[in-house]
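Contents: one structure, followed by commentary.
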Amino acid sequence: MSRLVYVVPHTHWDREWYQPHELFRWRLVRMIDELLDLLERDPAFRCFTLDGQTVVIEDYLELRPEQEPRLRALVQAGRLTIGPWWVQPDEFLPSGESHIRSLLRGIRAAERFGGSLCIGHCADQFGHIAQMPQIMAGLGLSSACLWRGVSDRVPGWSFWWEATRLPVLYLRHSYSNGWRLPAEPDELLARVRLAEEGHAPHEPLLLMNGTDHARAQADLPAVLAGATGRGYAFRIASLPEYEAALLAAGVGEHVHRGELRSPDRSNVLAGVLSARMTIKQRDFAVSAALERYAEPLELLAHLHTGYDGLPALNHAWRLLLENSPHDSICGCSADQTHREMLPRYDRAEQLARQVAREAVTALVAR
């Protein structure tokens, strides 16, 4: 019998990093243009996962608004997977509330396009906070999918994670173990055998066919067809399809409690916690202005006077969340990237303070 290998085409898209946002956005536009043509042209290229964050859709459509019907049709057909995050944040530096807002905003945005991924896809965060499984389960996500921070004490390719118990689809060999699969069958089968490490015989195998800012591998169906029938059967799949197969085979018995912060198998870049401290200080101050002052006061004023500051608060949250990804708030990017973050903080804080001021004025008038 052939062993089934799930091949998940995807990209991990950092909005800003060693280049500023607009340069990465232009690369994103070219990548998605090419991807739409490929998915429409080749039904054998069944699906593609667009990184687990919906902000890339908004970034794309700001430059290509005429492509929205094509995107929407592919999402509704299940061939383009988006969500559940709005942005994929660093989990330790922004506030806990910001994670909830990012997931809520991402799920709602994805559902407007036709459906959200229900897996907490955390491709590249530098470790994971202890309460993340509780946050994900509380928002209806069925599992977490992650790479960094897992200790050598955790066996296999799946385990249970508590605060609230949640299954983890562990990307043991990273989110790039199936990137640029070779057309030569023997080389491809050698890559597959590496993916068998730590797998029980009855478990499905996983190849993540992508990496940072990767374009779709257009010849993937032909590459996989060339190696089929030599002990393996290949399926181009989405993460939910792999999740269903893994859950059917049975999640590993290991239970992990608490944060995932180990460097045993992958670097968690602990030094980013103290890099560019001004950014960390601004994030704390603006988060406090929104969460502790503007929103409570706006709600009280709305209940008692009908005051409505929600449009301003929603926009302030967007600006704040744009600064929360792991290559942004962590301070590990090019200088220009971080210079562009500071005006976002300023604009979000201006709105938060103005809404708080107007809400207090409305309350005092009562």
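The values are calculated or read from the model by the stated rules, or taken from the named source; none is laboratory data. The structure displayed is predicted, hence computed values, not measured ones. Because the Cβ atoms are built from the backbone with ideal geometry, glycine has one as well, and the counts that use them run over all protein chains shown. Areas reflect the complete protein model, heavy atoms only, side chains present, ligands, DNA and RNA absent. Shrake-Rupley method; radii C 1.70, N 1.55, O 1.52, S 1.80 Å.
What to note about this one:
- Some residue of the range 96-115 being open to solvent by less than 10 Å² (accessible area, probe 1.4 Å) and closer than 30 Å to PHE234 by Cα: yes
- Candidate set from the range 319-341 (those that are assigned to a helix (DSSP H, G or I) and free of Cβ contacts under 8 Å to residues at least 60 places away in the same chain); member that is farthest from THR361 (Cα to Cα): ASP335
- For the range 248-279, residues that are assigned to a helix (DSSP H, G or I) and surrounded by 18 or more Cβ atoms within 10 Å (Cβ to Cβ) total 2.
- The range 112-128, residues that are under 17 Å from HIS10 (Cβ atoms) and assigned to a loop (DSSP other than H, G, I, E, B): GLY115, SER116, LEU117, CYS118, ALA123, ASP124, GLN125
- Residue within the range 292-314 that is open to solvent by less than 60 Å² (accessible area, probe 1.4 Å), assigned to a helix (DSSP H, G or I), closer than 27 Å to CYS122 by Cβ and without any contact (Cβ under 8 Å) to a residue 60 or more places away in the chain present: yes
- Count of the range 53-88 residues which are assigned to a helix (DSSP H, G or I), of a type in the set (A, V, I, L, M, F, W, C) and farther than 19 Å from GLU16 by Cβ: 4
- The single condition from (1) assigned to a helix (DSSP H, G or I); (2) crowded, with 18+ Cβ neighbours inside 10 Å; (3) of a type outside the set (Val, Ile, Thr) that ALA245 fails is (2).
- Only strands (runs of 3 or more DSSP E) whose full extent lies in the range 142-182 are considered here, and the ones with at least 2 residues that are within 15 Å of the chain's Cα centre (by Cα) are 143-146, 166-170.
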